[in-house]
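Notes to accompany the following structure.
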2 protein chains.
Amino acid sequence: MGTTKKEIFSKEQNELALQLKAIAHPARIAILQQIISANACICGDLVDELGLAQATISQHLKELKNAGIIQGTIEGVKVCYCIEPRAWKKLQNMLSNFLDGYKGPANCC
Amino acid sequence: MGTTKKEIFSKEQNELALQLKAIAHPARIAILQQIISANACICGDLVDELGLAQATISQHLKELKNAGIIQGTIEGVKVCYCIEPRAWKKLQNMLSNFLDGYKGPANCC
DNA sequence: ATTATTTATCGTAATATTGCGATATGGGCA
DNA sequence: TGCCCATATCGCAATATTACGATAAATAAT
């Protein structure tokens, strides 16, 4: 117990859930917003911007990278993170499919 | 430790994260899809449809209700759950604002 | 009144997440 | 080479999540 029973759900359901979980944290939302707003991609400036320890930021970046949402390229000593365009677009599509499935209130409730 | 440091993030970031967390589980995605596709709202048929124990389904429904995403009305012995239209719309708006902020790849990475 | 049905809640075990200090790693530079 | 710098990783403690059996609560049917 304690583990999500992913065997009983569809590939699509599991995939959407994983992507959403990667994003469903205020620190990771903040990180993504920073990466987006600094239209050039930023690196460990995140540690200064957000009020979290370096180890914590690094861990959040790792999770976003594992989910495929961002990518990092080494630039000398620093690492430059930016959005992975295809994953972002795919997430947008999956979410649209899911959210737009609801066509307003039914005649109950 | 172990707790998310929500004090250091904006109200918007925390709110979006909470809504996403409520949705970021394959069982809850499946539940929402069922509620949507059965355009009349269904009740404990979810227990038959999904392969999870009744207690588990009830718990997931509670989380969705706590997040304000669904609402339940008692119908005799059964309970009828359906989407809360305003919360759904708000989530769509918050997500659009967030996701549409990204305007394609920059000239780095 | 008793019984069956549906849903909620409690308690618990297994596992996952969050955050951070300490420490490693892997470049740049004197 | 030896020393800084930026990141990554390890290990840990606190807390949260997931799943479920057992049980409660509330109505319906007999």
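Here are the numbers for the structure shown:
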item	result
Test: residue in region B:14-26 that is surrounded by fewer than 20 Cβ atoms within 10 Å (Cβ to Cβ), touching a residue at least 12 places away in the same chain (Cβ under 8 Å) and in contact with a strand residue (DSSP E or B) (Cβ under 7 Å, 6 or more places away or on another chain)	no
Unique match (being assigned to a loop (DSSP other than H, G, I, E, B), out of contact with any Cys (no Cβ under 9 Å at 6 or more places or on another chain) and either facing chain B (nearest Cβ under 10 Å) or more than 12 Å from DNA strand C (Cβ to nearest atom) (or both)) among A:L95, A:L16, A:L20, A:L52	A:L52
Some residue of region A:44-65 being surrounded by 15 or more Cβ atoms within 10 Å (Cβ to Cβ), over 22 Å from B:T3 (Cβ atoms) and touching a residue at least 24 places away in the same chain (Cβ under 8 Å)	yes
Identity of the residue in region B:1-13, within 13 Å of DNA strand D (Cβ to nearest atom) and either of a type in the set (S, T, Y) or under 24 Å from B:A53 (Cα atoms) (or both), that ends up surrounded by the fewest Cβ atoms within 10 Å (Cβ to Cβ)	B:T3
Some residue of region A:23-46 being assigned to a helix (DSSP H, G or I), more than 9 Å from chain B (Cβ to nearest Cβ) and of a type in the set (S, T, Y)	no
Residue tally, condition modelled with pLDDT of 90 or more, more than 7 Å from DNA strand D (Cβ to nearest atom) and not charged (D, E, K, R), over region A:38-55	5
Meets criteria (at the interface with chain B (Cβ under 7 Å from one of its Cβ atoms), small (G, A, S) and surrounded by fewer than 19 Cβ atoms within 10 Å (Cβ to Cβ)) for A:G104	yes
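Here's the yes/no breakdown for (1) without any contact (Cβ under 8 Å) to a residue 12 or more places away in the chain; (2) of a type in the set (A, V, I, L, M); (3) loosely packed, with under 14 Cβ neighbours inside 10 Å:
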site	(1), (2), (3)
B:I70	no, yes, no
B:E75	no, no, yes
B:Y81	no, no, no
B:L91	no, yes, no
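The values are calculated or read from the model by the stated rules, or taken from the named source; none is laboratory data. Nothing here was measured: the structure is a model prediction, and the numbers come from that model. Virtual Cβ from ideal backbone geometry, glycine too; neighbours counted across all protein chains shown.
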